[in-house]
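Data block below; observations after.
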Amino acid sequence: MDIAGKAAMVTGGASGLGGATARALALGGAKVAVLDLNEELGRQVAGEIGGLFVQADAADEAQAEAAFGAAREAHGPARILINAAGIAATVKTTSRGRPHPMDAFERVIRVNLLGTFNCIRLAATDMAALEPMADGERGAIVNTASAAAYDGQIGQAAYAASKGGVVGMTLPIARDLSDKGIRVCTIAPGLFDTPLLQGTLTPEIKAALEASVPFPKRLGDPAEFAAMAVQICENVMLNGETIRLDGAIRMAPR
């Protein structure tokens, strides 16, 4: 797909991996809608790239439908969906005589897994009604999982389950949408220098994390995630696959 002139929706596009991808798509000429709950940062990113900000909870049916409607009215139906909205939590299954709170587990699953599927189903329905492009393609969807889907650490039961769910549904959704010319891939990033991670790092912890990456021995740059997301959109043979983007790291238990 040539992304120039194509409408794109980026969830979680106000910062981190989503923000970097929104910028990369706009640099390639796409018309980008930034979906996020953070109005201040979302409007800032949208303003910088000449895009549209739509405030919504990606996991809320009504809010997401309204956001897709606003983006459709401004840019036309999206040919590209980037699912980057997500949250993390660190809670053990049982600790100090107390079980993992169910509401905390449910919240992570709701945002990371249900939110991803909610936006996929809406975007895919719009894409299916579009005229096919080269190779019969109508659109491309890129989801965000995590190395934790494979190597979840202590305290990451909810997070790993949510990201494992994203990995698990990638191929069946790609197969669901294959007759409509809509591709679906997932990126499973390792340790990336994002606000989600920065809030938990001391300089010592950051240095230790960087040393744990086989190569390159550093945290990933969100621009590298964005480059992979754009490549997936551009390369029509990438479909039904989850790509680890992690410098060959395999996470230790803690």
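The values are calculated or read from the model by the stated rules, or taken from the named source; none is laboratory data. None of these values were measured; they are calculated from a predicted model. Here the Cβ positions follow ideal geometry from the backbone for every residue, glycine too, while neighbour counts run over all protein chains shown.
Could you tell me whether A88 is at pLDDT below 95 and aliphatic (A, V, I, L, M)?
Details: at pLDDT below 95: yes; aliphatic (A, V, I, L, M): yes.
In short, yes.
Taking interchain pairs and intrachain pairs at least six residues apart, which have beta carbon atoms under 7 angstrom, with the first residue in the stretch 31-42 and more than 17 Å from A74 (Cβ to Cβ) and in a helix (DSSP H, G or I) and the second small (G, A, S) and at pLDDT 95 or above?
From residues that are more than 17 Å from A74 (Cβ to Cβ) and in a helix (DSSP H, G or I), the pairs are L41/A14; L41/S15.
Enumerate the helices (runs of 4 or more DSSP H) found wholly within the stretch 194-254, keeping only those where 1 or more residues are at pLDDT below 95 and β-branched (V, I, T). Let's see the steps before the verdict.
Details: elements: 195-198, 203-212, 222-234.
Answer list for the stretch 194-254: 203-212.
Among the residues of the stretch 93-111, is there at least one that is of a type outside the set (K, R), out of contact with any Phe, Trp or Tyr (no Cβ under 7 Å at 6 or more places or on another chain) and under 23 Å from A226 (Cβ atoms)? Working first, answer last.
Let us first name the residues in the stretch 93-111 that are of a type outside the set (K, R), namely 93-95, 97, 99-106, 108-109, 111.
From the residues that got through so far, the ones that are out of contact with any Phe, Trp or Tyr (no Cβ under 7 Å at 6 or more places or on another chain) too are 93-95, 97, 99-106, 109, 111.
Applying the additional criterion that residues be under 23 Å from A226 (Cβ atoms) yields 111.
Scanning the stretch 93-111 turns up at least one residue that is of a type outside the set (K, R), out of contact with any Phe, Trp or Tyr (no Cβ under 7 Å at 6 or more places or on another chain) and under 23 Å from A226 (Cβ atoms).
Got at least one residue in the stretch 77-94 being in contact with a Gly (Cβ under 6 Å, 6 or more places away or on another chain) and more than 26 Å from A14 (Cβ to Cβ)?
So far as the stretch 77-94 goes, yes, one or more of its residues are in contact with a Gly (Cβ under 6 Å, 6 or more places away or on another chain) and more than 26 Å from A14 (Cβ to Cβ).
Confirm whether L122 is within 19 Å of the chain's Cα centre (by Cα), surrounded by fewer than 17 Cβ atoms within 10 Å (Cβ to Cβ) and not in a strand (DSSP E or B). Can you show your working first?
Values: within 19 Å of the chain's Cα centre (by Cα): yes; surrounded by fewer than 17 Cβ atoms within 10 Å (Cβ to Cβ): no; not in a strand (DSSP E or B): yes.
In short, no.
Could you give me the residue pairs with C-beta distances under 8 Å whose first residue belongs to the stretch 58-69 and is under 11 Å from F117 (Cβ atoms), whose second residue is among the β-branched types (V, I, T) and in a helix (DSSP H, G or I) wherever it lies, and which are 6+ apart or on separate chains?
Short answer, once both residue conditions are applied: A58/V111; A58/T116; A59/V111.
Looking at this structure, is I80 touching a Lys or Arg at 6+ places or on another chain (Cβ under 7 Å), surrounded by 14 or more Cβ atoms within 10 Å (Cβ to Cβ) and under 19 Å from T144 (Cα atoms)?
Details: touching a Lys or Arg at 6+ places or on another chain (Cβ under 7 Å): yes; surrounded by 14 or more Cβ atoms within 10 Å (Cβ to Cβ): yes; under 19 Å from T144 (Cα atoms): yes.
Against the criterion (touching a Lys or Arg at 6+ places or on another chain (Cβ under 7 Å), surrounded by 14 or more Cβ atoms within 10 Å (Cβ to Cβ) and under 19 Å from T144 (Cα atoms)), I80 qualifies.
Would you check if there is a residue in the stretch 61-71 being in a helix (DSSP H, G or I), within 30 Å of I154 (Cα to Cα) and of a type in the set (D, E)?
From the stretch 61-71, those in a helix (DSSP H, G or I) are 61-71; that's our starting set.
Among the residues that remain, those that are also within 30 Å of I154 (Cα to Cα) are: none.
Within the stretch 61-71, not a single residue is in a helix (DSSP H, G or I), within 30 Å of I154 (Cα to Cα) and of a type in the set (D, E).
Taking D2 as the residue in question, decide whether it is over 29 Å from A160 (Cβ atoms), in contact (Cβ under 8 Å) with a residue 40 or more places away in the chain and among the acidic types (D, E). I'd like the intermediate steps shown before the answer.
Values: over 29 Å from A160 (Cβ atoms): yes; in contact (Cβ under 8 Å) with a residue 40 or more places away in the chain: yes; among the acidic types (D, E): yes.
So D2 passes the test.
Tell me the residue from V54, V111, V142 that is on the phi < 0 side of the Ramachandran plot, free of Cβ contacts under 8 Å to residues at least 60 places away in the same chain and assigned to a strand (DSSP E or B), please. Steps first, answer last, please.
Numbers: V111 fails: assigned to a strand (DSSP E or B); V142 fails: free of Cβ contacts under 8 Å to residues at least 60 places away in the same chain.
Answer to the check: V54.
Filtering the stretch 125-139 down to residues that are assigned to a helix (DSSP H, G or I) and touching a strand residue (DSSP E or B) at 6+ places or on another chain (Cβ under 9 Å), which residue is farthest from G86 (Cα to Cα)? Talk me through it step by step, then tell me what you get.
Initially, the stretch 125-139 is screened for residues assigned to a helix (DSSP H, G or I), giving 125-128, 134-136.
Adding the requirement that they be touching a strand residue (DSSP E or B) at 6+ places or on another chain (Cβ under 9 Å) leaves 126-128.
On the way: D126: 23, M127: 23, A128: 26 Å.
It comes out as A128.
Since G220 meets every condition but one in (1) surrounded by fewer than 21 Cβ atoms within 10 Å (Cβ to Cβ); (2) within 26 Å of T90 (Cβ to Cβ); (3) free of Cβ contacts under 8 Å to residues at least 60 places away in the same chain, which condition does it not meet?
For G220, the failing item is (1).
Could you check A20 against (1) touching a strand residue (DSSP E or B) at 6+ places or on another chain (Cβ under 7 Å); (2) within 25 Å of A88 (Cα to Cα) and say which number it fails?
(1)
Being under 17 Å from the mean Cα position of the chain (by Cα) and of a type in the set (V, I, T) is the filter; apply it to the stretch 130-180 and report the residue that is nearest to F192 (Cα to Cα).
So, considering only residues that are under 17 Å from the mean Cα position of the chain (by Cα) and of a type in the set (V, I, T), the one nearest to F192 (Cα to Cα) is T144.
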